[in-house]
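The values are calculated or read from the model by the stated rules, or taken from the named source; none is laboratory data. Here the structure is a predicted model, which means the values were calculated and not measured. Note: ideal-geometry Cβ built from the backbone for every residue, glycine included; neighbour counts use all protein chains shown. Side chains are part of the model used for accessible areas, which takes the heavy atoms of the whole protein and leaves out ligands, DNA and RNA. Shrake-Rupley method; radii C 1.70, N 1.55, O 1.52, S 1.80 Å.
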Amino acid sequence: KKPTVVQVARCEFRRNADVVAEILLRADGRCESCGHDAPFIRASDGTPYLEVHHIVPLAEGGDDTVENAIALCPNCHCERHFG
């Protein structure tokens, strides 16, 4: 009935907040893949909710730059990772 506990070690990237801000500003509340409006508004600050995705993943040597990132709705973001 109880799941097994597993310890996991991982590496994380320290993202450039300016890149995230620039991508979200560029997207202007619309997914840069499907073109639909963001699915909801963030309760914390009233901005449209989109997720910033790296075209070439950071783990594969991609740069944390505006040129290598796009703003996606959660559905398109999941599709990029798992579709």
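For the reader, a short list of remarks on this structure follows.
- At an R0 of 30 angstrom, the distance between the Cβ atoms of A9 and S44 translates into a FRET efficiency of 0.50.
- Sequence-ordered 3J(HN,Hα) estimates for the stretch 12-21 from the Karplus curve with 6.51, -1.76 and 1.60 and θ = phi - 60° stand at 10, 9, 8, 6, 7, 4, 5, 5, 4, 4 Hz, glycine and proline given as x.
- The chain - accessible surface per residue (Å², probe 1.4 Å): 78
- Computed over the chain, relative contact order equals 29 percent, with contacts defined as Cα pairs under 8 Å that lie 6+ residues apart.
- Taking the Cα centre of the chain as reference, the dipole from Cβ charges on Lys and Arg (+1) and Asp and Glu (-1) amounts to some 620 debye.
- Cα lying deepest toward the dipole's positive end in the chain, options S44, A71, A21, charges on Cβ: S44
- Sorted largest first, extent of the chain alpha carbons per principal axis (Å): 44, 33, 27
- As a fraction of the 1.4 Å probe accessible area of the stretch 20-83, surface on carbon and sulfur atoms comes out at 54 percent.
- Helix-only [θ]222 nm of the chain, DSSP H runs n ≥ 4, -39500 (n - 2.57) each, per residue, nearest 500: -7000 deg cm²/dmol
- Cα gyration tensor category, rounded, prolate or oblate, for the stretch 39-80 with a/c compared to 1.5: prolate
- Here the Gaussian network model covers the chain, with springs between Cα atoms less than 10 Å apart; of E60, E51, E32, E60 fluctuates the most.
- Placed amide H near A69: partners under 5 Å, 5+ positions off or other chain: I55
- Rounded, prolate or oblate (a/c below 1.5 giving rounded, otherwise prolate when a/b exceeds b/c) for the stretch 11-52 by Cα gyration tensor: prolate
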